[in-house]
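Undergrad: Quick one: the structure is below, and I'll ask about it shortly.
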Amino acid sequence: MTETIHFPSNFTWGVATSAFQIEGAAAADGKGPSIWDTFSHTPGKIIDHSNGDVACDHYHRYREDVALMAGLGVDAYRFSMAWSRVQPAGKGAWNEQGFDFYARLLDALQERGIAPHLTLYHWDLPKGLQDDGGWMARATAHRFADYAHEVARRFGDRLATIATHNEPWCTANLGYGNAQFAPGVADKKQAIQVSHHLLLSHGLAMQAMRATGTRAGLGIVLNQWTADPATDSEADKRLAALEWANSIAWFMDPIFKKRYPELSLQAHGSVAPDVHAGDFDIIAQPLDFLGVNYYRREVMSAEVPPRKPEGGNGFTDMGWEIYPQGLTELLVQLKADYPDLPPVYITENGMAAVDALEGGQVDDQVRIDYVRTHLEALKAAMDRGIDVRGYFLWSLMDNFEWNSGYAKRFGIVWVDYATLERVPKASALWYRDFIARQRRDRRAA
Ligand code: FCB
């Protein structure tokens, strides 16, 4: 039960969002188009035919949203900057009106004592850079470092942490591997090359930000899962090992071990990435923190058709298996494979549920159970020696869930898309009370 979990007194409790999913104001005040603007306006790409033009209109309602966060009593807010809002073409001129928006947001957070945790890139590449080849172009990594430098120079003293990328696995594999996400390419070789350019851009951005002397903690956010064999068969175990190598070690090894995993390189064969001499020295910058986004595990089966996870704890509205113990197993495995693991933040965790607003309330007990059991699993990992500093619930509010549009609700606050009214769900009130209890227990201790 929640009453029995006690997190350390300096543990950070937060909520998370990203720019394209909530801001709207797609062309306001000099903002340039991003690949998600063009992708979401391309017929057939978004399940409910929606786009991000208005989204939650956070650009105009950020004060109300910060007040909501203050009401929850969170310590911290993780959000992302829309690159094309502050540099419309992704190169060249900066847009002061864009920076002004983020300065106002930081002011509002500061007034409420909420620590800002910024992500530089949550998938919305400026269209101007896509026109130059997007992440397939090595030069984009250098443009990203320029952007990172400018943001750290302007805001570095106001931010608690800055993450370079959010989930480069998705940018590469969903953006370039299976075309589910912008820019909508389906080409394995490109996906693998893009993943290398993303890692390179991370390293270059880390160097550029360090050069500003910022005191903000610098790191990266990776989406991670455990890969479990469906059965004890050798074939399933081999698949599970390959999945771990391709999805987890592929991003961790370059950063912590200056190499790509051998298993993956062998499997990729001729589609292995083009790596220049010195790239790994750039990529392997020391991190102040690692952000881990955890939603589910992978169950690997070599059978035809593949065995499905049993799903004893059920599945979310995304069809993702609910598997809280995977979070403990993941963190323990990371520490085993990477003994120099820096402090970890769980930068995203949460679920899509079939919510309904009834009598002015949303009774999302299923989400409360999801968060509670994942917090128990997180605490279990901490009790086994993993240094975890904070937890950010995804998401503060319902928002544009990428190719699912507004059809999937991840928020602890309900958004009525017709009126843009926000209504805290039962999970928001639960999270508020949970945080308050942790504080009370902190004081009593
Ligand atoms: C993650 C993304 C986030 C959101 C959640 C549900 O992969 O980082 O933007 O879509 O999934």
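The values are calculated or read from the model by the stated rules, or taken from the named source; none is laboratory data. Keep in mind that what you see is a predicted model, and the values were worked out from it rather than measured. Every residue, glycine among them, receives a Cβ derived from its backbone with ideal geometry; neighbour counts consider all protein chains shown.
Undergrad: From Tyr338, Tyr345, Tyr323, grab the single residue that is out of contact with any Leu (no Cβ under 6 Å at 6 or more places or on another chain), over 30 Å from Ile162 (Cβ atoms) and among the hydroxyl-bearing types (Ser, Thr, Tyr).
TA: Tyr323
Undergrad: Continuing with the same structure: Condition first: more than 16 Å from the ligand (Cβ to nearest atom) and under 17 Å from Arg153 (Cα atoms). Now tell me which residues in region 108-133 satisfy that.
TA: Pro116, the sole residue that qualifies.
Undergrad: Identify all residues within region 345-371 that are away from the ligand (no atom under 16 Å from the Cβ) and either in contact (Cβ under 8 Å) with a residue 60 or more places away in the chain or surrounded by 16 or more Cβ atoms within 10 Å (Cβ to Cβ) (or both); write none if there are none. Steps first, answer last, please.
TA: Going through region 345-371, the residues away from the ligand (no atom under 16 Å from the Cβ) turn out to be 356-363, 365, 368-369.
Answer for region 345-371, where residues must be away from the ligand (no atom under 16 Å from the Cβ) and either in contact (Cβ under 8 Å) with a residue 60 or more places away in the chain or surrounded by 16 or more Cβ atoms within 10 Å (Cβ to Cβ) (or both): Leu357, Gly360, Gln361, Val362, Asp363, Gln365, Ile368, Asp369.
Undergrad: Further question on the same structure: Here are some conditions: (1) charged (D, E, K, R); (2) touching a residue at least 12 places away in the same chain (Cβ under 8 Å); (3) farther than 25 Å from Tyr431 by Cβ; (4) surrounded by fewer than 22 Cβ atoms within 10 Å (Cβ to Cβ). Asp131 meets all but one. Which one does it not meet?
TA: If we test Asp131 against (1) charged (D, E, K, R); (2) touching a residue at least 12 places away in the same chain (Cβ under 8 Å); (3) farther than 25 Å from Tyr431 by Cβ; (4) surrounded by fewer than 22 Cβ atoms within 10 Å (Cβ to Cβ), just (2) comes out false.
Undergrad: Which condition number does Ser301 fail, the rest of (1) under 23 Å from the mean Cα position of the chain (by Cα); (2) of a type in the set (S, T, N, Q); (3) farther than 27 Å from Arg372 by Cα being met?
TA: Condition not satisfied by Ser301: (1).
Undergrad: Look through region 219-234, keep the residues that are within 11 Å of Leu290 (Cβ to Cβ) and in a strand (DSSP E or B), and return whichever of them is nearest to the ligand (Cβ to nearest atom).
TA: Start the filter on region 219-234 by keeping residues that are within 11 Å of Leu290 (Cβ to Cβ), which leaves 219-222, 224.
Those still in the list that are in a strand (DSSP E or B) too: 219-222.
Working: Gly219: 15, Ile220: 13, Val221: 8, Leu222: 10 Å.
So the residue we want is Val221.
Undergrad: Then there is this: Charged (D, E, K, R), out of contact with any Phe, Trp or Tyr (no Cβ under 8 Å at 6 or more places or on another chain) and without any contact (Cβ under 8 Å) to a residue 12 or more places away in the chain: is that true of Asp53 in this structure?
TA: no
Undergrad: Being under 21 Å from the mean Cα position of the chain (by Cα) and in a loop (DSSP other than H, G, I, E, B) is the filter here; which residues of region 93-149 pass it?
TA: Correct list: Ile114, His122, Trp123, Asp124, Leu125.
Undergrad: Looking at region 314-343 only, could you name the residues that are within 15 Å of Ile386 (Cα to Cα) and within 16 Å of the ligand (Cβ to nearest atom)?
TA: First, the residues of region 314-343 that are within 15 Å of Ile386 (Cα to Cα): 325-343.
Answer for region 314-343, where residues must be within 15 Å of Ile386 (Cα to Cα) and within 16 Å of the ligand (Cβ to nearest atom): Gly326, Leu327, Leu330.
Undergrad: Determine whether region 24-32 contains at least one residue that is under 26 Å from Ile114 (Cα atoms), small (Gly, Ala, Ser) and within 16 Å of the ligand (Cβ to nearest atom).
TA: Yes, that holds for at least one residue.
Undergrad: Ok, one more. If Phe289 satisfies every condition in (1) within 16 Å of the ligand (Cβ to nearest atom); (2) touching a Gly at 6+ places or on another chain (Cβ under 8 Å); (3) aromatic (Phe, Trp, Tyr) but one, which is the exception?
TA: Phe289 satisfies every listed condition except (1).
Undergrad: Return the residues of region 39-65 that are part of a helix (DSSP H, G or I), crowded, with 17+ Cβ neighbours inside 10 Å and not small (Gly, Ala, Ser); say none if nothing qualifies.
TA: If the condition is that a residue be part of a helix (DSSP H, G or I), crowded, with 17+ Cβ neighbours inside 10 Å and not small (Gly, Ala, Ser), then Phe39, His58, Tyr59, Arg61, Tyr62, Asp65 are the ones that fit.
Undergrad: Could you list all residues from region 200-218 that are part of a helix (DSSP H, G or I) and in contact with a Ser or Thr (Cβ under 6 Å, 6 or more places away or on another chain)? Spell out how you get there, then give the answer.
TA: The first filter runs over region 200-218 and keeps only residues part of a helix (DSSP H, G or I), leaving 200-210.
Selection gives His202, Ala205.
Undergrad: Just the residues that are among the acidic types (Asp, Glu), in contact (Cβ under 8 Å) with a residue 24 or more places away in the chain and outside any helix (DSSP H, G or I), please, taken from region 150-199.
TA: Asp157, Glu167 - these are the residues of region 150-199 that are among the acidic types (Asp, Glu), in contact (Cβ under 8 Å) with a residue 24 or more places away in the chain and outside any helix (DSSP H, G or I).
Undergrad: Name the residue, out of Ala141, Ala163, Ala172, that is small (Gly, Ala, Ser) and away from the ligand (no atom under 16 Å from the Cβ).
TA: On the way: Ala163 fails: away from the ligand (no atom under 16 Å from the Cβ); Ala172 fails: away from the ligand (no atom under 16 Å from the Cβ).
Result of the check over Ala141, Ala163, Ala172: Ala141.
Undergrad: May I pose another question? Under 8 Å by Cβ, and 6 or more places apart or on different chains, what pairs join a residue from region 246-259 that is touching a residue at least 40 places away in the same chain (Cβ under 8 Å) with one that is surrounded by fewer than 22 Cβ atoms within 10 Å (Cβ to Cβ) and charged (D, E, K, R)?
TA: Ser247/Glu298; Ala249/Asp337; Met252/Asp337; Phe256/Asp340
Undergrad: Give the residue, chosen from Gly175, Gly184, that is touching a Gly at 6+ places or on another chain (Cβ under 9 Å) and either surrounded by fewer than 18 Cβ atoms within 10 Å (Cβ to Cβ) or at positive phi (or both).
TA: Going through Gly175, Gly184 in turn, just one is touching a Gly at 6+ places or on another chain (Cβ under 9 Å) and either surrounded by fewer than 18 Cβ atoms within 10 Å (Cβ to Cβ) or at positive phi (or both): Gly184.
Undergrad: Within region 124-174, count every residue that is of a type in the set (Ser, Thr, Tyr) and either farther than 17 Å from Gly92 by Cβ or at pLDDT below 95 (or both).
TA: Counting residues in region 124-174 that are of a type in the set (Ser, Thr, Tyr) and either farther than 17 Å from Gly92 by Cβ or at pLDDT below 95 (or both) gives 3.
Undergrad: Sort through Gly385, Gly405 and tell me the only one that's surrounded by fewer than 23 Cβ atoms within 10 Å (Cβ to Cβ) and more than 16 Å from the ligand (Cβ to nearest atom).
TA: Of the residues listed, the single one that is surrounded by fewer than 23 Cβ atoms within 10 Å (Cβ to Cβ) and more than 16 Å from the ligand (Cβ to nearest atom) is Gly385.
Undergrad: Hey, another quick one. Tell me, yes or no, whether region 316-326 has at least one residue that is under 20 Å from the mean Cα position of the chain (by Cα) and of a type in the set (Asp, Glu).
TA: yes
Undergrad: With the requirement that a residue be farther than 24 Å from Tyr345 by Cβ and either acidic (Asp, Glu) or not in a helix (DSSP H, G or I) (or both), what does region 371-407 give you?
TA: Across region 371-407, the qualifying residues are Gly405, Tyr406, Ala407.
Undergrad: Follow-up. Do we find that Ser427 is modelled with pLDDT of 95 or more, closer than 30 Å to Gly217 by Cβ, within 16 Å of the ligand (Cβ to nearest atom) and among the small types (Gly, Ala, Ser) in this structure?
TA: Yes; evaluated as a whole, the condition is true for this residue.
Undergrad: From the residues in region 348-398 that are β-branched (Val, Ile, Thr) and under 17 Å from the mean Cα position of the chain (by Cα), which one is farthest from Arg297 (Cα to Cα)?
TA: Filtering region 348-398 for residues that are β-branched (Val, Ile, Thr) and under 17 Å from the mean Cα position of the chain (by Cα), the one farthest from Arg297 (Cα to Cα) comes out as Val388.
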